[in-house]
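First comes the structure, then the notes that go with it.
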Amino acid sequence: GAALATDGAPPPQYPNYPSETPAQFTPVTSSYDYVERDVMIPMRDGVKLYTVILIPKGVTHAGMVLTRTPYSAKELTHHVMSGHLGPMLEGYDNATDVIVEDHYIRVIQDIRGKYGSEGDYVMNRPIHGPLNPTPVDDATDTYDTIDWLVKNVSESNGKVGTIGISYDGFEPLMSMIHPHPALKVAVPMNPMVDGWMGDDWFHHGAFRQQNMSYIYEQSASRDNSYKWWTSYHDEYDLFMHYVSAGELGRAYGMEQLGFWNKMLAHPAYDSFWSEQAVDKVLAAQPLKVPTMLVHSLWDQEDIYGALAVYRAIKPKDTSGNMVKLVMGPWHHGQEIEDASSLGAIQFGSDTGKYFREHILRPYLAQYLKDGAPKADLAPVTAYQTGTNQWQRLDHWPLACEQGCASKSRPLYLEADNKLGFSAPGAGAGFDEYVSDPAHPVPFRARPIQPMGYDNGLTWSEWLVDDQREASGRTDVVTYVSDVLTQPLTIAGAPIVHLVASTSGTDSDWVVKLIDVYPDQVAEQPEMGGYQLAVAMDIFRGRYREGYDNPKPLAANQPLTYRFDLPNANHVFLPGHRVMVQVQSSWFPLYDRNPQTFVPNIFWAKPADYKKATQRIYHSADEASYISLPVIGD
Ligand code: PG9
């Protein structure tokens with residue numbers, strides 16, 4: 001091209017050709033059935049939080065339904081662009097039918113440090129105290145938000161309810177601490193409560209390494225713009241390749257992430273975990289807000305939290321009117337979706353819709369709508385699986401080892417891979433298998449998908465996968481009852497009492513309580529012989545003597561392992577059998593136990609991973625059993 005004139009000659013003149021984009025466009029929204037206000041709400045420390053307020057057009061004296069989220073307020077309120085509120089709010093984390101049809105003002109806010117909000121992000125920010133020196137936490141942020149809302153949203157009646165699922169369900173729990181007087185009701189659904197004991201990060205100390213993608217995307221940037229990547233089709237191969245979770249994190253640059261470093265530094269249940277466990281925090285607070293805890297019986301992420309909070313706060317409910325519990329046959333969050341089935345399991349009706357119509361709708365109305373009647377809800381509304389029916393109950397659990405109406409009964413592992421209610425007779429007895437970390441037991445059929453909900457992923461269904469593949473492996477030991485002639489009803493937490501030895505010095509124990517369907521099921525042929533887990537969990541052996549106190553196991557010694565399985569409300573029907581499976585890995589959801597005691601399994605070296613011979617005892621002196629919360633004889 002020609003050289004530019006630099007000798008003071010006037011610049012060349014071009015014709016004017018204005019941009020077609022206006023400096024400021026004003027959308028025309030007059031036909032919409034809602035008004036949107038996007039605001040930055042100031043917190044007590046000056047940080048402003050991005051908040052989307054959707055107001056049905058024409059409402060006055062409407063209640064406000066508030067969700068606080070790390071998952072983008074903008075996305076959660078703009079599922080699709082529409083002039084109607086319903087399609088806008090379809091999907092996570094909105095019980096759209098209830099919120100829209102009952103004309104609530106919908107408020108969704110980015111928590112501090114995420115998306116449109118200012119401030120610093122801390123994963124499940126602990127309340128102000130030893131773990132959080134700042135004067136702000138999710139309790140104060142909710143308080144300040146509610147304070148602003150009741151003063152600034154003139155269409156409202158000044159009543160606010162907090163609601164949400166999972167992380168967004170942790171938030172309503174935080175809203176109950178020093179609550180704002182305008183907070184009239186809280187609905188924590190599938191809340192993350194104790195990340196170490198049984199929710200997202202660990203279960204009884206075994207690390208849920210498939211969540212590393214979540215930690216990466218949530219904490220690498222404010223707006224989740226760094227996406228997890230993989231060079232493997234099968235997550236089994238990915239996690240085998242990097243050997244330990246620590247090395248995988250290092251390969252992905254995760255030591256730049258504050259939360260990951262805290263995780264690496266706190267593999268055991270020390271004060272970092274116990275002091276932020278929300279059930280323990282709430283146990284120390286007065287109960288001031290009517291609360292409905294919503295639990296999913298097959299919650300593949302937070303199966304621990306809701307019931308832990310129920311145990312913590314129910315004793316404070318002296319009037320009996322403050323705490324409600326709902327348990328449905330759902331995966332994590334399925335209560336706001338179609339819930340006619342979960343994987344292969346069919347319920348015969350949409351249990352999600354039932355929850356929203358008959359439980360959530362009247363409950364929210366009672367507290368948020370002026371003059372609404374009291375909802376006719378039992379203290380506990382529980383779906384019984386097996387029989388597929390809703391139950392109105394006065395309390396939960398119905399059966400336990402001590403202090404319940406029904407007393408749990410030991411279901412013994414027996415010789416010849418049998419299972420029964422009579423204690424084993426005299427004589428030595430054990431079953432043996434080799435647990436090889438070079439070939440860990442897959443937690444579902446390979447190729448194993450990543451966790452997640454998009455693009456047809458089936459992560460949400462893994463708890464109801466057919467356990468048949470596992471029962472056929474030589475490194476899984478299986479015990480089965482006779483065919484039942486009577487229904488066997490359980491309502492509570494089965495408790496594992498496993499007597500086992502390992503030739504190594506550390507070991508994981510996975511125990512599954514399974515309903516084996518009849519060999520053929522006429523009305524649904526694919527259910528013939530199906531092995532449906534009704535409760536299963538993992539325990540990391542090093543914590544046998546205390547969750548804060550990891551210790552090597554004495555090799556080749558029968559030792560007792562006692563841990564709770566998740567609650568079940570289930571009937572094993574006549575014609576079915578009860579099965580228990582025991583195995584020592586559950587990969588790659590859980591990281592492998594090297595089976596050699598090392599100080600921190602995140603940094604186990606390749607040479608630490610060793611085969612071990614495992615024995616499950618079932619003799620009179622060393623009886624292994626599951627304490628089954630049985631109702632009736
Ligand atoms: N289970 C997810 C989560 C909650 C809290 C912390 C980390 C993850 C969730 O679904 O939000």
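Cα centroids of region 457-493 and region 150-210: how far apart, whole angstrom?
Measuring centre to centre over Cα atoms gives 32 Å.
How far apart, in nm, are the 7 Å Cα→Cβ label points at ALA284 and HIS78?
The answer from the label model is 4.1 nm.
Efficiency by 1/(1 + (r/R0)^6): what FRET value for ALA378 and HIS61, r their Cβ-Cβ distance, R0 = 22 Å, to the nearest 0.05?
Given R0 = 22 Å and the Cβ-Cβ separation, E is 0.15.
Could you give the length gained on full extension between THR21 and ASP370, defined as 0.36 nm per residue of separation minus the Cα-Cα distance, in nm?
This chain segment gains 121.0 nm when fully extended.
Please report, in whole Å, how far the alpha carbons of the chain spread along each principal axis, starting with the longest.
102, 72, 52
Just from its helices, what would the mean residue ellipticity at 222 nm be for the chain, if runs of 4 or more DSSP H residues each count -39500 (n - 2.57) and the sum is divided by every residue, rounded to the nearest 500 deg cm²/dmol?
Per the formula, -4500 deg cm²/dmol.
Rounded, prolate or oblate, given the Cα gyration tensor of region 337-494, with a/c below 1.5 counting as rounded?
Working: a/c = 2.87, a/b = 1.48, b/c = 1.94.
Oblate.
Could I get the Rg over Rh figure for region 185-264? Both from C-alpha atoms, Rh via Kirkwood, rounded to two places.
Expressed as Rg/Rh, it is 1.00.
Roughly how many Å is it from the Cα centre of region 34-72 to that of region 275-320, as a whole number?
26
Of the listed peptides 491-503, 297-309, 459-471, what is their order by residue-averaged count of other C-beta atoms within 10 Å, with the highest listed first?
297-309, 491-503, 459-471
Residue farthest toward the positive end of the dipole of region 71-163, with Cβ of Lys/Arg at +1 and Asp/Glu at -1: which of MET123, TYR104, THR162?
Working it through, the farthest residue towards the positive pole turns out to be MET123.
Multiply the residue separation of LYS610 and ARG392 by 0.36 nm, subtract the distance between their alpha-carbon atoms, and state the gained length in nm to one decimal.
Length difference between fully extended and current span is 73.5 nm.
With all pairs of different alpha carbon atoms counted, what Kirkwood hydrodynamic radius in Å does region 148-223 show?
Roughly 14.5 Å, rounded to one decimal.
Computed FRET efficiency, Cβ-Cβ of GLU217 and GLU118, R0 22 Å: what is it to the nearest 0.05? Numbers along the way, then the final one.
Values: r = 20 Å, r/R0 = 0.92.
Once rounded, the FRET efficiency stands at 0.60.
Compute the distance in nm between two label points, each set 7 Å from the Cα along the Cα-to-Cβ direction, one at GLU523 and one at ALA344.
The answer from the label model is 1.7 nm.
What is the distance, in nm, between label points placed 7 Å from the Cα along the Cα-to-Cβ direction at HIS439 and at ASP234?
It is 1.3 nm.
Under 1.5 on a/c is rounded, so check that first for region 249-298, then, if it is not, pick prolate when a/b is larger than b/c and oblate when it is not; a ≥ b ≥ c are the square roots of the alpha carbon gyration tensor eigenvalues.
prolate
Take every DSSP beta bridge whose two residues both sit in the chain, then give the antiparallel share in percent to the nearest 5.
Percent antiparallel among DSSP bridges in the chain is about 70.
Bear in mind that the values in this text are calculations on the coordinates, not laboratory data. What you see is a predicted model; the values in this text were computed from it and never measured. Note that each Cβ is placed from the backbone with ideal geometry, even for glycine, and that neighbours are counted across all protein chains shown.
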